[in-house]
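The values are calculated or read from the model by the stated rules, or taken from the named source; none is laboratory data. As the structure is a computational prediction, the values presented were derived from the model and not from experiment. We place every Cβ from the backbone using ideal geometry, glycine too, and count neighbours over all the protein chains shown.
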Amino acid sequence: MDLVAAVGLQILYGIANLALISLGLAIIFGMMRVINLAHGEFLMLGGYTVVIAANAGVNLWVAMLILAPLVVGVIGVVVERLLIRWLYGRMIDTLLATWGLSLLFIGIVTSIFGASTATTISPPLGVVSIGEYTSSAYELLLIGITVALGIAVFLVLKMTSLGLVARGTMQNAEMASALGVSTSRVYMITFGIGAAISGLAGGLLAPVTGVLPTIGAVYIAKAFITVISGGAAILAGTASASVLLGGVNGIAAFLTGPTIGEVALLVTAIVLLRLMPRGITGGLFRKSL
Amino acid sequence: MILARDVRGTLAIAAVGVLFMLIAPSVLELFTIINLTTAIALAVLALSLALVWGYGGILCFGQNAFFGIGAYAYTIAAINFGGSSWAILVAILVAVAFAVVIGYVMFYGRVSDVYLAVITLTVSLILYSLIRRTSGPDYKIGKSLLGGFNGITSPPINLPWDPSFVLFPEHVFYVAMGALVVAYLFTSWLTRTHFGRVCVSIRENELRAELLGYDVRLYKLGIFAVGAGVAGLAGVLFCNGVGRVTPDVFNLYNAALTIIWVIVGGRGTLIGPILGAFGLFYLTSALGTQSTVNNNLVLGIILVVFVLGVPKGVIPTLAGWMAARRTRRALRARERRMRLRRARGGGGRNDGAGAGAGPGGGGPAGAGRGAGAPE
Amino acid sequence: MRQGGEVVLETRGLSMHFGGVRAVDRVDFALYEHELRCLIGPNGAGKSTFFKCLTGQLRPSAGSVVIRDLHVTDREPFEVAALGVGIKTQVPNVFEGLAVEENIWLSARRWHPPARSRSLTAETLERLQLGDIRSSPVGRLAHGQRQWVELGMVVAAEPWLVLLDEPAAGMTHEETVRTAELIREINRTATLIVVEHDMQFIRMISHLVTVFHEGRILMEDTMEAISADPRAREVYLGHRG
Ligand SMILES: Nc1ncnc2c1ncn2[C@@H]1O[C@H](COP(=O)(O)OP(=O)(O)O)[C@@H](O)[C@H]1O
Ligand SMILES: [Mg+2]
């Protein structure tokens, strides 16, 4: 029984982890049809923000929950203004340009902080015990934060005027701009929010994974798979794909080991895409969130 | 007529390649030759993406996956077989088979360009993280350990009929350069065949190709698989040049590099990406010897600058300039003739008109060739 | 009015819905061999969508399409084309970056060996008077010429059933007349459906005309009868311009 609970918790954490690293990417993709290849570097920058701030004496929670999203959100807005906005409607060029950006970020961070791990910080909160098994309390907290983040995004999209405008723009940009909505501003804010959430995710994971200039690559493969398998709907897509892929990965990893777990995740995604090329929530219907 | 164009250019380039192959070992130092072998392997990889992306229009962001698979398959097979000849064939076939599986999912699912780019990149990254985990004695294929992030030492190529006669690095250079020339001739031939032209037409307009009765999925799968085979060959050459294969062949940096060669060299040409690979190889090796400017930084800037500023790439842009200059010169020549004619008065009007029509008529034909297949 | 031949194309209850829009709504349609049928109707009547359902470009929401006793409802476009169906879309679909002759050659070569496709390409270029611009890239041509390149691709495949969506759109009067001639010529060897707006053009080429309105067939008759019909005039002729 305790084993079931402990394993279940581990799988749940895997699912939450996928959702957390994918949400920022999913927001930018779902709203703007832009696949941000610098997504991994947004996570990486969030991680660096936390490590640097914590080492400079800033409270860890402030660094993770406020500084990381703020810094990366601002970077996102700058990137959108300087680069992305010239490329709307040119999806392939956007992909390539964001890839260039990704290399640029890796290069800058490596030049400043060196290629190896910056001073790490350890996860706060210690462990909780489930019968004879233990689990990291911080991982439990991350599950909670991921759920809360999902709910927050849902509420913003559903309840606020910003969400309404954003949904309108993403369904019909021309119509929205005819109604006086500044599409350009909506895109800028969306990109900023997507970046901020990526920064938050990167910051939250920094104590668990440590930081490296190239750590983005570790995240993006999984984030891409999750977002593509999920399809265009931001929340429904991310949630369903995270549950499916994270679940398969977790179960396979428990039964056979982490390597097979990743193979299982990849195979599931491939089979899924053959059956549903537009992802679980379908690329055509943008109505669901 | 349609298929016979620009064959001379291709043969000229191949001849330069052969000449280089024959001369280089006697003028260059051994170290340079060994380095060149690696650069040549990368050029073959560039060539494979030039075919798949530049001609097939398939946005493969993970072409290095097939390259890495080729390198691993060669190394593992050569260790197991105790010789390289069959291992080379196995490497190419494994890369092709892998491409067929991935390609089947993507093309028969009709996933869009952007998804395709991300899926192929993801496949490469997943392979990277998978192979990195294979340290220790549990992970082996036949006699060969996979070696995790340390990789495997690759057995050098031997003479086909004598496994005990292992080639020296300078001989491997001949093999690599020869392979590049053959691969170049093969891919240019392929782009001129009916199959190749259909692939180009699919790049131009997928729906029209489909409405003409071509099974777009099959053609895409075909050129994707051929490209993977060429990339697999590149992998074989690469691990021979370097002497070992590590999971790094699958990493994000190499995926980006492959794309950048093609962007810089130019889509729609075969020689452009080959030159792009050589150029960037020497640029990054030069940068590698100093520590102030980071390689990623430079590549990132190159990529952004080219996407925003030179989206067609160097070779097509140069070709465009040259064509424009030719047209301008022709126009000027015509103007001169007209002025001359006017100065001479009405005499010889017929003659002048005939000469004037010459360059004008030549313009569109030349332009047509440029837009069709600059290769 | 019906030519006595057999039915070569038939739809039953064909419907295509986009969300709430019923672009094609339970259409029963039959086309006889050797016929040259015109399809008219105001913009948004569902003509192009109907064409796309016939050729596999869209999966119909309901109903069936039968071409020569073969159900093609769920086939891919290339499979429909492989039955010998030539298709010209409303928005010209050509290979912009390729030369005119290569566009045509790619069509001919799909069904014929190399030598025959070369001669077929030459014939087609001649027939459509595209010889002078054979080596220009299609992307640089004027709209009317691009339409002809697309027609050339259809012709070069030697189809027995031809579907043309607004083949004369954007053409000068002179070009339109030539297109009408060409269509009549194609009709000697093939059955056709032509979507068109231009009344004069339709009078030039067709006997039987099908009027589409709001996704349905409003009526099917000769051009004279349709011109005289108040309903047709209201939905179509009245709305023109
Ligand atoms: N892909 C599509 N998605 C949504 N609505 C569509 C789509 N294609 C066509 N429609 C709608 O279907 C109706 C019929 O369009 P169409 O077949 O193009 O008409 P026509 O060719 O007769 O002018 C129109 O109301 C159009 O807006
Ligand atoms: Mg229409």
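Considering only residues that are modelled with pLDDT of 85 or more and of a type in the set (Val, Ile, Thr), look in the stretch B:119-147 and name the one that is nearest to C:Leu58 (Cα to Cα). So the residue we want is B:Ile119. With respect to (1) at the interface with another protein chain (Cβ under 9 Å from one of its Cβ atoms); (2) buried (at least 24 other Cβ atoms within 10 Å of the Cβ), the lone exception for B:Ala234 is condition (1).
Pairing each residue of the stretch B:210-235 that is farther than 29 Å from B:Ala277 by Cα with any residue that is charged (D, E, K, R), provided the two are 6+ apart or on different chains, yields C-beta distances under 6 Å for B:Leu212/C:Arg110; B:Gly213/C:Arg110; B:Val216/B:Glu206; B:Val216/B:Glu210. Taken together, A:Ser242, A:Ser229 contain a single residue that is of a type outside the set (Lys, Arg), surrounded by 23 or more Cβ atoms within 10 Å (Cβ to Cβ) and either outside any helix (DSSP H, G or I) or more than 14 Å from chain B (Cβ to nearest Cβ) (or both), which is A:Ser242.
Restricting attention to the stretch C:45-66, the residues that are touching an Asp or Glu at 6+ places or on another chain (Cβ under 8 Å) and either within 13 Å of ligand 2 (Cβ to nearest atom) or within 24 Å of B:Val216 (Cβ to Cβ) (or both) add up to 8.
When the stretch C:125-154 is filtered for residues that are within 12 Å of chain B (Cβ to nearest Cβ) and touching a residue at least 40 places away in the same chain (Cβ under 8 Å), the ones remaining, listed by number, are C:Pro137, C:Val138, C:Gly139, C:Leu141, C:Arg146, C:Val149, C:Glu150, C:Gly152, C:Met153, C:Val154.
Checked against the criterion of being away from chain B (no Cβ under 13 Å), under 18 Å from the mean Cα position of the chain (by Cα) and closer than 22 Å to A:Leu205 by Cβ, the stretch A:76-99 has at least one qualifying residue. Here B:Ile260, B:Ile302 are screened, and the one residue that is in contact (Cβ under 8 Å) with a residue 40 or more places away in the chain, within 12 Å of chain A (Cβ to nearest Cβ) and under 30 Å from B:Thr134 (Cα atoms) is B:Ile260. Just name the residue that is farthest from ligand 1 (Cβ to nearest atom) out of those in the stretch C:52-71 that are touching a helix residue (DSSP H, G or I) at 6+ places or on another chain (Cβ under 7 Å) and without any contact (Cβ under 8 Å) to a residue 40 or more places away in the chain. The qualifying residue farthest from ligand 1 (Cβ to nearest atom) is C:Gly56.
If the condition is being outside any helix (DSSP H, G or I) and closer than 25 Å to A:Ser229 by Cβ, then the stretch B:100-154 contributes B:Gly109, B:Arg110, B:Val111, B:Ser112, B:Arg133.
State all residues of the stretch C:2-43 that are part of a loop (DSSP other than H, G, I, E, B) and without any contact (Cβ under 8 Å) to a residue 60 or more places away in the chain; if no residue qualifies, say none. If the condition is that a residue be part of a loop (DSSP other than H, G, I, E, B) and without any contact (Cβ under 8 Å) to a residue 60 or more places away in the chain, then C:Gln3, C:Gly4, C:Gly5, C:Glu6, C:Gly19, C:Gly20, C:Asn43 are the ones that fit. Among the residues making up the stretch B:206-215, those that are surrounded by fewer than 22 Cβ atoms within 10 Å (Cβ to Cβ) and within 7 Å of another protein chain (Cβ to nearest Cβ) are B:Leu207, B:Asp215.
For C:Ala168, the conditions (1) of a type outside the set (Val, Ile, Thr); (2) within 13 Å of another protein chain (Cβ to nearest Cβ); (3) within 16 Å of ligand 2 (Cβ to nearest atom); (4) outside any helix (DSSP H, G or I) are fulfilled apart from (2). Looking across C:Thr49, C:Thr121, one residue alone is hydroxyl-bearing (Ser, Thr, Tyr), modelled with pLDDT of 90 or more and within 16 Å of ligand 1 (Cβ to nearest atom). It is C:Thr49. Considering the stretch C:72-92, and only residues there that are touching a strand residue (DSSP E or B) at 6+ places or on another chain (Cβ under 6 Å) and within 15 Å of ligand 1 (Cβ to nearest atom), the residue that is nearest to the other protein chains (Cβ to nearest Cβ) turns out to be C:Ile87.
Scanning the stretch B:263-299 for residues that are within 11 Å of chain A (Cβ to nearest Cβ) and without any contact (Cβ under 8 Å) to a residue 60 or more places away in the chain yields a total of 11. Of the numbered criteria (1) crowded, with 18+ Cβ neighbours inside 10 Å; (2) within 24 Å of B:Phe107 (Cα to Cα); (3) of a type outside the set (Gly, Ala, Ser), the one A:Val248 fails is (2). Quick one: would you say C:Val94 is more than 16 Å from ligand 2 (Cβ to nearest atom), at pLDDT 90 or above and among the β-branched types (Val, Ile, Thr)? The answer is yes for C:Val94. Taking the criterion of being touching a Pro at 6+ places or on another chain (Cβ under 8 Å) and either free of Cβ contacts under 8 Å to residues at least 40 places away in the same chain or within 16 Å of ligand 1 (Cβ to nearest atom) (or both), would at least one residue in the stretch C:156-177 satisfy it? Within the stretch C:156-177 (the criterion being touching a Pro at 6+ places or on another chain (Cβ under 8 Å) and either free of Cβ contacts under 8 Å to residues at least 40 places away in the same chain or within 16 Å of ligand 1 (Cβ to nearest atom) (or both)), the answer is no, since none of the residues qualifies.
Yes/no matrix, rows are residues, columns are (1) β-branched (Val, Ile, Thr); (2) within 27 Å of C:Gly84 (Cα to Cα); (3) surrounded by fewer than 20 Cβ atoms within 10 Å (Cβ to Cβ):
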position	(1), (2), (3)
C:Thr172	yes, no, yes
C:Val177	yes, yes, yes
C:Glu181	no, yes, yes
C:Asn187	no, yes, yes
C:Thr191	yes, yes, no
C:Val195	yes, yes, no
C:Leu208	no, yes, yes
C:Val211	yes, yes, no
C:Arg233	no, no, yes
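Within the stretch C:93-116, restricting attention to residues that are more than 9 Å from chain B (Cβ to nearest Cβ) and either crowded, with 21+ Cβ neighbours inside 10 Å or within 22 Å of the chain's Cα centre (by Cα) (or both), which residue is farthest from C:Met153 (Cα to Cα)? Looking at the filtered set, the residue picked out is C:Ala108. For the stretch A:254-272, the criterion of a residue being at pLDDT below 85 and hydroxyl-bearing (Ser, Thr, Tyr) is satisfied by at least one position.
Can you work out which of the residues in the stretch C:136-165 that are in contact with a Leu (Cβ under 7 Å, 6 or more places away or on another chain) and not hydrophobic (A, V, I, L, M, F, W, C) is nearest to ligand 2 (Cβ to nearest atom)? So the residue we want is C:Gly152.
Of the residues in the stretch B:42-53, at least one is modelled with pLDDT of 85 or more and among the hydroxyl-bearing types (Ser, Thr, Tyr).
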